[in-house]
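Single-structure report; data block below.
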Ligand SMILES: Nc1ncnc2c1ncn2[C@@H]1O[C@H](COP(=O)(O)OP(=O)(O)OP(=O)(O)O)[C@@H](O)[C@H]1O
Ligand SMILES: [Mg+2]
């Protein structure tokens, strides 16, 4: 298989001026600035094959966004080697930019006051997309994401979920082969998250494009990626199958139940490990292998209004990885 992304011994430091508290402190920072170095990436090495969809996870400040910015050519590393589809991202050659797309869930990359279609037309010009390719890509993206009715709406009038879909159309209109997705589902409701996941999955499969995806949402990864790379404090601490990671460090899933009538804690404890019970809601940890059995027990023996099965938070899984320290 061909390599799409090669990252070797990547290092990136940021030099920041420390601000001191208060007015005198602020003045002293101006005249005697104290510089501090933040080691954002200490030593990052990984390789991703063409067509792979890889999850990139780690706690806040671990270095995920910094890595994505280096990979998409927005910032220059201090040292190390990076190659994406055979290109050095920093050279930002037109050919390279036509091959990639960086999508940041927290950043709006569209023209706020203009109708969606104008931003798309703008990208068409920037990427010099042929009319026929543009029409073809647009109609297929609009159809899969079901946003045909939004094209004439100004971006500022869209809901967060609608905007994220439109961001995706804008970012994919040039049919990039490599996709950097930085927390694409952040802030979206569950239905919108699922729609986006389905779309990313389809896009990856159909176009055989390479996707690197960061998320704090375990469900994104459980649905999408077989392989995950875990980063912490600028170092890679795990690179392998997600399944292996979750089996070992997240053996339980979480069931959230809403009861119609109050039930006794004793009865509930027979079902599983109760994390929280505050009528009408209970949160129960259940081993993955018994999840369907437990769910049906709950439905048969109690008056249940609603039941939800969730993945444990990614932060918990990562914390487990570090506490055990034998990955
Ligand atoms: N432009 C910058 N100037 C100074 N420090 C920076 C800059 N960008 C990032 N950093 C620092 O580099 C480290 C890594 O940041 P980065 O944004 O890559 O983390 P992250 O893994 O994306 O975190 P999060 O999950 O919160 O998005 C952090 O300590 C951050 O404060
Ligand atoms: Mg980030």
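Structural remarks
- Candidates 18, 52, 39: the one that is in the same structural domain as residue 237 (by TED's automatic domain parsing) and within 11 Å of ligand 1 (Cβ to nearest atom) is 39.
- Within the range 56-67, considering residues that are more than 6 Å from ligand 1 (Cβ to nearest atom) and buried (at least 22 other Cβ atoms within 10 Å of the Cβ), the one modelled with the highest pLDDT: 67
- Filter result for residue 239 (more than 12 Å from ligand 1 (Cβ to nearest atom), crowded, with 23+ Cβ neighbours inside 10 Å and either within 17 Å of the chain's Cα centre (by Cα) or part of a loop (DSSP other than H, G, I, E, B) (or both)): no
- Across the range 201-220, the qualifying residues are those that are within 18 Å of residue 178 (Cα to Cα) and within 16 Å of ligand 2 (Cβ to nearest atom), and the one among them that is surrounded by the fewest Cβ atoms within 10 Å (Cβ to Cβ) is 215.
- Restricting 169, 191, 186 to those that are exposed (fewer than 15 other Cβ atoms within 10 Å of the Cβ), closer than 26 Å to residue 226 by Cα and under 18 Å from the mean Cα position of the chain (by Cα) reduces the list to 191.
Residue-wise test of (1) in contact with a strand residue (DSSP E or B) (Cβ under 8 Å, 6 or more places away or on another chain); (2) within 16 Å of ligand 2 (Cβ to nearest atom).
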site	(1), (2)
12	yes, yes
19	no, no
23	no, no
35	yes, no
43	yes, no
61	no, yes
75	yes, yes
81	yes, no
86	no, no
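- Filter result (within 16 Å of ligand 2 (Cβ to nearest atom) and either on the phi > 0 side of the Ramachandran plot or outside the structural domain of residue 221 (by TED's automatic domain parsing) (or both)) within the range 162-187: 183, 187
- For the range 200-219, residues that are within 16 Å of ligand 1 (Cβ to nearest atom) and under 19 Å from residue 71 (Cβ atoms) total 4.
Residue by residue, here is whether (1) in the same structural domain as residue 290 (by TED's automatic domain parsing); (2) at pLDDT 90 or above; (3) under 26 Å from residue 52 (Cβ atoms) holds:
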site: 232; (1), (2), (3): no, yes, yes
site: 240; (1), (2), (3): no, yes, yes
site: 243; (1), (2), (3): no, no, yes
site: 262; (1), (2), (3): yes, yes, no
site: 278; (1), (2), (3): yes, yes, no
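- Residue among 119, 93, 140 that alone is modelled with pLDDT under 95 and surrounded by 20 or more Cβ atoms within 10 Å (Cβ to Cβ): 119
The values are calculated or read from the model by the stated rules, or taken from the named source; none is laboratory data. Just so you know, these numbers come straight off a predicted model, no measurement behind them. Quick reminder, even Gly has a Cβ in these numbers, built from the backbone with ideal geometry, and neighbours come from all protein chains shown.
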